[in-house]
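Scroll down for the structure; my scribbles are underneath it.
The values are calculated or read from the model by the stated rules, or taken from the named source; none is laboratory data. The model shown is predicted, which means the values in this text are computed figures rather than measured ones. When we count neighbours, we look across all protein chains shown, and the Cβ atoms used for this are built from the backbone with ideal geometry, even at glycine.
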Amino acid sequence: MSATIKLEKNHFPVLLDELVSIISPLYSGTFIDCTFGNGGYSKEILKNKQNKVIAIDRDIDAIEVAKLLKKKHNKQFNFHHLKFSEVNKIEKIGDDLKGIIFDLGFSSIQVRDPNKGMSFYNQGKLDMRMGLNKTSADEAINNLSYSELNNIFKFLGEERKGKSISKAIINERKKKLINTPDLVKIVDYAKNFKRGKTHNSTQVFQALRIYVNKEIHELIYGLINSFRILPIGGIIAVVTFHSIEDKIVKFFFKHYSENKNSSRYLPNVKKKELLFKLPHKKFLLPTADEIKKNPSSRSAKLRYATKINNNKNFQDFLIKFQHLLDIEKIKGKYV
C-alpha cells in the first residue's frame with residue numbers, strides 16, 4: 001500500500017459543504033471531478049447512490065486511490081489518467097452530465113512527498129511535476145535565462161523581487177547546480193531575510209510550479225472544454241487558491257454572464273450572447289471552523305456558474321490571458 005493511500009484520511013476537501021449545497025439541487029446525475037486527488041469530492045458525491053462520478057487527475061499517485069474507490073462504487077465511478085484540459089477527450093459521458101468540478105489546490109500529501117520536490121522544506125532536487133509533463137523545476141532553474149526567469153517570477157508568481165532573485169540564480173549556478181535549499185537561501189538573501197506572514201519562497205515556488213505544469217493553459221482550456229461538453233443547465237464550480245487562478249475564473253464567468261456599456265453616453269454596442277447565469281455574484285469562502293480545522297483552506301475561493309447557452313468562440317478569454325500563456329511556453333536554451 002502506497003504512502004498516498006495511507007495518508008488519504010488526513011486530506012480535507014476544501015469547501016466541501018458549500019460544494020454539496022450547490023450540486024444537490026441538480027438531483028441525481030453524472031459529475032466530473034477534474035482534480036480527483038485523494039477523492040474527497042468524489043466520495044461525497046457518491047454517497048448519493050443515484051449519482052455517478054467520472055474523475056480525472058494527472059498525478060500518477062491518484063490512480064491507486066481511484067482503484068480503491070472503483071472497488072467500492074464499481075458502476076458509479078470511473079477514473080481517467082488525464083490532464084483536465086483534456087476533459088473533452090472523455091468518452092461515454094452520457095446525457096445526464098450535471099456538473100464539472102475543479103479544486104485547483106494541491107494536498108499536503110503532495111507537498112510532503114520528497115519525490116515531487118514541491119516544498120521549500122525539501123532537502124533534495126527541485127522537481128514540481130504533477131504528472132504527464134516532461135520539464136522539471138530543476139531543469140528550468142538551472143537553464144533558463146535571466147529574463148526568462150524574471151518573467152516567470154513576475155507574472156506567474158507576482159514576485160516583486162524577481163529581478164534580484166533571477167540575477168542571484170544566474171550567479172549561483174555558475175558554481176553549482178541549484179537544489180531546493182539553495183533556491184530558498186537565494187530568495188531569503190534577496191529579501192534581506194525578512195520574514196512575513198508567508199514563507200519568503202512561496203511566490204517563487206508558486207511561479208515555478210505553474211510554469212512546470214502549465215497551469216494557466218490547463219485552467220483556461222479546462223474551463224473552455226468543460227463548457228463545450230456540459231449540457232445547458234449544468235454547472236461549473238471552481239475552487240481557487242491564489243489571485244492569478246481567481247482572476248482567470250472570475251473573468252470567464254463574469255465576462256460571459258453580463259453585457260455592459262463602458263459609458264452611458266456611448267451608443268449600445270452589439271450585445272454578446274450570454275453563456276452563464278451566476279447564482280452568486282461573489283465567491284464563497286470557507287467558514288472559520290473549516291479554516292481552524294484546515295488552515296490551508298484560508299485562501300480558498302469557490303466560484304460557480306450555470307450554463308445557459310452554447311458557444312464555440314472564446315477569443316476574448318484567450319486574448320485576455322495570452323501574456324501568461326506565452327510565458328508558460330518559454331523553452332529556454334536547454335530545456
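Restricting the search to helices (runs of 4 or more DSSP H) fully inside the stretch 120-174 and requiring at least 2 residues that are closer than 12 Å to residue 210 by Cβ and in contact (Cβ under 8 Å) with a residue 24 or more places away in the chain gives 137-143.
Looking at (1) closer than 23 Å to residue 299 by Cβ; (2) at pLDDT below 95; (3) in contact with an Asp or Glu (Cβ under 6 Å, 6 or more places away or on another chain), can you tell me which one residue 36 breaks? The number of the failed condition is (2). Being crowded, with 23+ Cβ neighbours inside 10 Å and either out of contact with any strand residue (DSSP E or B) (no Cβ under 9 Å at 6 or more places or on another chain) or part of a helix (DSSP H, G or I) (or both) is not true of residue 184. Report yes if some residue within the stretch 82-97 is surrounded by 19 or more Cβ atoms within 10 Å (Cβ to Cβ), within 26 Å of residue 280 (Cα to Cα) and at pLDDT below 95; otherwise report no. Checked against the condition, which is being surrounded by 19 or more Cβ atoms within 10 Å (Cβ to Cβ), within 26 Å of residue 280 (Cα to Cα) and at pLDDT below 95, the stretch 82-97 yields no hits at all. Scanning the stretch 41-71 for residues that are outside any loop (DSSP other than H, G, I, E, B), crowded, with 20+ Cβ neighbours inside 10 Å and of a type outside the set (A, V, I, L, M, F, W, C) turns up 41, 42, 52.
Confirm whether residue 210 is modelled with pLDDT of 95 or more, surrounded by 18 or more Cβ atoms within 10 Å (Cβ to Cβ) and part of a strand (DSSP E or B).
Values: modelled with pLDDT of 95 or more: yes; surrounded by 18 or more Cβ atoms within 10 Å (Cβ to Cβ): yes; part of a strand (DSSP E or B): no.
Criteria not met by residue 210.
Among the residues of the stretch 210-265, how many are among the hydroxyl-bearing types (Ser, Thr, Tyr), farther than 30 Å from residue 137 by Cα and touching an Asp or Glu at 6+ places or on another chain (Cβ under 9 Å)? Adding up the residues that qualify gives 1.
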